[in-house]
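The values are calculated or read from the model by the stated rules, or taken from the named source; none is laboratory data. Please read all numbers here as calculations on a predicted model, not as lab measurements. Using ideal geometry, Cβ is built from the backbone for each residue, glycine included, and neighbour counts are taken over all protein chains shown.
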Amino acid sequence: MKILITSDWYWPVVNGVVRSVMNLIEYLESEGHEVRVLTLSNTIKSYKDGKVYYVGSLSAEKIYPQARISNLLSKSHLKEIKAWAPDVIHSQCEFSTFMMARRIASDLKIPLVHTYHTVYEDYTHYFIPSKQAGKKIVSVASKTLAGFCDRIIVPTAKTQRLLFDYGIDPYMIDIIPTGIHIPDLADKTLLRKSLGIGEDAKVLLYLGRLGAEKNIQEIMAYYDRLKDPDIKLYIVGGGPYLDTLKEDASKINKEVIFTGMVEANSVNRYYQAADIFVTASTSETQGLTYYEALANGTIALCRDDSVLDGVIKNGFNGFKYRYYEEFEKFVQRVFSDAEYRELLEINTREYAMENFSVDKFGSSCLDTYEKAIKEYKRESTNIFKRL
């Protein structure tokens, strides 16, 4: 099968979408499928590098950090992609490259599959003060976008329910958790030494993008209330909210350790060096960091949210909390019972291997492609969305 993947984000940008795309490509190619990528260049120049087509674009930093926009698909790219003749297009973003994917799918009369990665109503505060107005705009835009797609992939049941609320046909939606590589485990003592973490420290870890929607201040406030002085909070990652978080951290009684962005090969090292992965975010649609924490054998303590359905099983591989007293109780339970902590760590890794591997993710995406192709062939080419 020939698969064209389109995404506004691609390497060297590092985020959840890019990691998902690269893992998918790796699996598809390992199964003998041909894959090419259409993405945006970080300059106004269009060019091709191997199997990746880069379209010249302009910066949209004022809208969102590292964002870029373009409405001009290079004629040479379009001609070459048409000659290659993909069987299906898998879109990963709703903006510039989605419009390109829609055009190519229409011209070639092939199905368009789209993955809905982001709950945009949680991000509208960047450009619309009114939350209600932002939600309405996102709802209308999402339903319109769905009308141009043949199937939609969502990473969790939470996102599926959200799209139901937007009025999108549930039949066209497939739930496929994003796949991750299951890392090898390293010696924890050596890892901590290499990262400058005390051997006996009790480490809480937040790892991910630092944005207002991640609710990291709650974690810092709860950490400050914990009575055990040996507990340390590490915040790993970068983002537009870093300076605000550092300012807030200076006002609490305990030290918060900010590492900033770390190299990709250090991400698993931080997970494995920690005792508990903590997050208060309720804006996730796929929670890639949850999967990564579990795959590294790290217990997850997360604010209760429907995105955790089928991911965190309370008392089995982590905990879901609703308020400080539960947060405190679960932290104390982990650190006061070494035997129970070891059992949780075993469960986290085994559960991740069974449910969130790249192989399972990739094979499920292939099933969706095949379904989209079969359904497309059965439909009339004269229906409105084919025009």
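I need the full set of residues from region 202-236 which are surrounded by fewer than 16 Cβ atoms within 10 Å (Cβ to Cβ) and of a type outside the set (S, T, N, Q), in order please. Answer for region 202-236, where residues must be surrounded by fewer than 16 Cβ atoms within 10 Å (Cβ to Cβ) and of a type outside the set (S, T, N, Q): A221, D224, R225, K227, D228, P229, D230. One residue stands out among those in region 292-337 that are of a type in the set (S, T, Y) and touching a residue at least 12 places away in the same chain (Cβ under 8 Å): the one that is farthest from S357 (Cα to Cα), which is Y324. From the list A274, A280, A249, A295, the one residue that fits, being among the aliphatic types (A, V, I, L, M) and touching a His at 6+ places or on another chain (Cβ under 9 Å), is A295. Taking the conditions (1) closer than 27 Å to Q332 by Cα; (2) of a type outside the set (A, V, I, L, M); (3) modelled with pLDDT of 95 or more in turn, E199 satisfies each one other than (3). Applying a threshold of 8 Å to beta carbon distances and a minimum spacing of six or more residues, or different chains, the list of pairs starting in region 343-361 at a residue that is acidic (D, E) and ending at one that is in a loop (DSSP other than H, G, I, E, B) and modelled with pLDDT under 95 reads D359/G179.
In this structure, is I197 assigned to a helix (DSSP H, G or I), of a type in the set (V, I, T) and either buried (at least 16 other Cβ atoms within 10 Å of the Cβ) or under 27 Å from the mean Cα position of the chain (by Cα) (or both)? No: the conditions fail for I197. Any residue in region 240-258 that is under 17 Å from the mean Cα position of the chain (by Cα) and among the aliphatic types (A, V, I, L, M)? No: region 240-258 contains no residue that is under 17 Å from the mean Cα position of the chain (by Cα) and among the aliphatic types (A, V, I, L, M). Among the residues of region 223-256, those that are over 20 Å from Y271 (Cα atoms) and in contact (Cβ under 8 Å) with a residue 40 or more places away in the chain comprise R225, L226, D228, P240.
Contact map, region 142-155: residues that are not assigned by TED's automatic domain parsing to the domain that holds Y116 paired with residues that are surrounded by fewer than 23 Cβ atoms within 10 Å (Cβ to Cβ), Cβ distance under 9 Å, separation 6+ or inter-chain. No pairs are found. For region 364-384, the criterion of being out of contact with any helix residue (DSSP H, G or I) (no Cβ under 7 Å at 6 or more places or on another chain) and farther than 30 Å from L145 by Cβ is met by none of the residues. Here T178 meets the list (1) within 16 Å of I257 (Cα to Cα); (2) part of a loop (DSSP other than H, G, I, E, B); (3) polar (S, T, N, Q) almost entirely, failing just condition (1).
Could you pull out every one of the helices (runs of 4 or more DSSP H) wholly within region 205-302 that has 1 or more residues that are in the same structural domain as Y323 (by TED's automatic domain parsing) and more than 30 Å from G179 (Cβ to Cβ)? Can you show your working first?
Values: elements: 216-225, 242-249, 267-273, 288-295.
Hits in region 205-302: 216-225, 242-249.
Quick one: I312 ticks every box in (1) out of contact with any helix residue (DSSP H, G or I) (no Cβ under 6 Å at 6 or more places or on another chain); (2) part of a helix (DSSP H, G or I) bar one, so which box is it? If we test I312 against (1) out of contact with any helix residue (DSSP H, G or I) (no Cβ under 6 Å at 6 or more places or on another chain); (2) part of a helix (DSSP H, G or I), just (2) comes out false.
Quick one: in region 342-364, which of the residues that are part of a helix (DSSP H, G or I) and touching a strand residue (DSSP E or B) at 6+ places or on another chain (Cβ under 7 Å) is farthest from E29 (Cα to Cα)?
Within region 342-364, the subset part of a helix (DSSP H, G or I) is 342-355, 358-364.
From the residues that got through so far, the ones that are touching a strand residue (DSSP E or B) at 6+ places or on another chain (Cβ under 7 Å) too are 344-345, 348, 358.
Details: L344: 35, E345: 32, T348: 29, V358: 12 Å.
This residue is L344.
Looking at Y340, Y323, which one is closer than 25 Å to R161 by Cα, out of contact with any Ser or Thr (no Cβ under 9 Å at 6 or more places or on another chain) and modelled with pLDDT of 95 or more?
Values: Y340 fails: closer than 25 Å to R161 by Cα.
Criteria check complete, one pass: Y323.
Checking each residue in region 159-194 for being under 27 Å from R19 (Cα atoms), surrounded by 13 or more Cβ atoms within 10 Å (Cβ to Cβ) and free of Cβ contacts under 8 Å to residues at least 24 places away in the same chain picks out Q160, I173, I175.
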